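The values are calculated or read from the model by the stated rules, or taken from the named source; none is laboratory data. Predicted, not measured: the structure shown is a model, and the values here were computed from it. FYI the Cβ positions are ideal-geometry reconstructions off the backbone, even for glycines, and counts take in every protein chain you see. For the accessible areas, the whole protein counts, side chains as well, though only heavy atoms, and no ligand, DNA or RNA atoms are used. Shrake-Rupley method; radii C 1.70, N 1.55, O 1.52, S 1.80 Å.
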Amino acid sequence: MNAGRPTPLWPGRPRPLPGETFSSWFSRTAWSNGLTPNELYGVAANGAQIHSRDLDRLAERPLLIRLSAATGISADILADAMVTRWAGHLYDTEERHIRLPWLPSVGTERTRPSFGQQFCPLCLGEDAAPYFRLGWRLYFVTACRRHRVYLSDRCPSCDEPIQPLKTIRTRIDLECHRCGSSLMAAPAAPAEDFFTQARLLSATGQDEIDLPGYGPIQQPLFFELVLRLLRLVAGGSFARPLRAELAESADELSQLAAIPIRADPYQFEPRQRHLLIALAARMLDDWPHRFHATCEAAGVSRWQLERTSRSPMTLLKKDHRGEKQQPNIAMISPN
Ligand SMILES: [Zn+2]
Ligand SMILES: [Zn+2]
């Protein structure tokens with residue numbers, strides 16, 4: 001910006017839509033000015049390249065202020081559309097180079113595909129201008145409550161992870177940047193049982209979470225605990241017996257048998273994750289008694305659990321009720 005001279009407003013200045021991510025708004029702003037998101041980034045960031053940067057996490061204040069000056073939209077509104085709005089709630093770390101718990105990156109993480117931007121194809125189909133919602137970035141959000149279908153997290157034709165800043169935008173559609181398929185053509189399989197998703201979403205809005213049977217614990221600690229429980233049913237040698245013990249019906253058991261065992265809990269599709277997270281959350285009941293009973297019935301001893309660096313037991317071993325707790329960095333770094 002030139003001192004004393006106001007930045008001219010850009011011709012295209014779309015307002016952020018309800019619940020829209022920063023990068024989705026940035027992309028719409030670019031296209032409404034006849035530019036690609038990469039070209040607009042060059043204009044707004046003094047010629048810098050956007051590469052595969054996850055702007056919903058990494059856009060810095062000077063960029064937001066520059067965009068605010070050129071669009072008339074407050075920098076605070078733009079910041080609130082980023083995943084960093086959950087800092088101090090879902091996570092405590094300021095580290096820029098580690099994976100945030102429950103908020104995997106978009107596109108790639110190191111060299112592996114990362115499916116951090118999900119979407120509901122039916123919501124996109126209803127939008128006058130299709131856009132990505134911030135809530136779809138949360139890894140424990142696996143289904144659309146409005147349409148009661150599982151979310152998608154990749155191109156329906158070529159399985160490419162969704163990258164909002166590369167997605168091709170037409171007037172009424174969003175298309176895969178790699179193969180051109182419409183994201184609205186993604187399958188929308190019926191989903192049921194929204195209990196766990198609603199429970200975790202509600203926890204994002206509370207300073208302390210009441211753990212039944214235990215008492216209140218700080219938000220980031222609660223989300224770390226659920227993540228550790230998810231890891232136990234997702235991968236490792238305890239996953240199969242724990243899944244069998246936690247399944248509540250023969251149908252659930254057969255669905256679980258089809259879900260692979262994976263050490264990286266961030267590689268499950270929404271439908272698989274939906275069930276695994278529900279299983280993990282069941283162990284929170286009457287903490288830690290249900291957890292201990294489940295482990296015992298599954299043949300997993302306390303001694304074995306204590307030996308795993310990410311044991312839920314070691315996390316709450318001290319009395320952390322109401323106490324600020326730093327997360328275990330090793331736990332949330334990419335695998
Ligand atoms: Zn929907
Ligand atoms: Zn594709």
Report summary line: Only one of 306, 323 is at pLDDT below 95, in contact with a Leu (Cβ under 9 Å, 6 or more places away or on another chain) and open to solvent by 50 Å² or more (accessible area, probe 1.4 Å), namely 323
Query raised in the report: Restricting segment 70-85 to residues that are open to solvent by 30 Å² or more (accessible area, probe 1.4 Å) and touching a residue at least 60 places away in the same chain (Cβ under 8 Å), which is nearest to the chain's Cα centre (by Cα)?
Result: 77
**Report entry** In segment 152-198, the residues that are part of a helix (DSSP H, G or I), more than 13 Å from ligand 2 (Cβ to nearest atom) and open to solvent by less than 30 Å² (accessible area, probe 1.4 Å)
**Finding:** 196, 197
Query raised in the report: Taking segment 253-281 on its own, how many of its residues are open to solvent by 30 Å² or more (accessible area, probe 1.4 Å) and either of a type in the set (D, E, K, R) or in contact with a Cys (Cβ under 8 Å, 6 or more places away or on another chain) (or both)?
Result: 3
**Report entry** Those residues of segment 14-37 which are exposed (fewer than 15 other Cβ atoms within 10 Å of the Cβ) and in contact with a helix residue (DSSP H, G or I) (Cβ under 8 Å, 6 or more places away or on another chain), in sequence order
**Finding:** 19
**Report entry** Condition check for residue 142: away from ligand 2 (no atom under 16 Å from the Cβ), over 22 Å from residue 59 (Cα atoms) and not assigned by TED's automatic domain parsing to the domain that holds residue 266
**Finding:** yes
Requested in this report: Kindly indicate the residue of segment 140-151 that is buried (at least 19 other Cβ atoms within 10 Å of the Cβ) and part of a loop (DSSP other than H, G, I, E, B) and also nearest to ligand 1 (Cβ to nearest atom) among those meeting that condition.
Outcome: 151
Requested in this report: Please report, ordered by residue number, the helices (runs of 4 or more DSSP H) entirely within segment 1-63 with at least 2 residues that are over 24 Å from the mean Cα position of the chain (by Cα).
Outcome: 22-32, 37-44
Query raised in the report: Does residue 145 fit the bill of being of a type outside the set (A, V, I, L, M, F, W, C) and within 20 Å of the chain's Cα centre (by Cα)?
Result: yes
Query raised in the report: residue 211 fails exactly one of the following numbered conditions: (1) open to solvent by less than 30 Å² (accessible area, probe 1.4 Å); (2) of a type in the set (A, V, I, L, M); (3) within 16 Å of ligand 2 (Cβ to nearest atom). What is the number of that condition?
Result: (3)
**Report entry** Where a residue in segment 125-136 is open to solvent by less than 40 Å² (accessible area, probe 1.4 Å) and away from ligand 1 (no atom under 11 Å from the Cβ) and its partner, wherever it lies, is of a type in the set (A, V, I, L, M, F, W, C) and part of a helix (DSSP H, G or I), with Cβ under 6 Å and at least six apart
**Finding:** 130/124
Query raised in the report: Among the residues of segment 86-123, how many are open to solvent by 10 Å² or more (accessible area, probe 1.4 Å), within 16 Å of ligand 1 (Cβ to nearest atom) and under 12 Å from the mean Cα position of the chain (by Cα)?
Result: 0
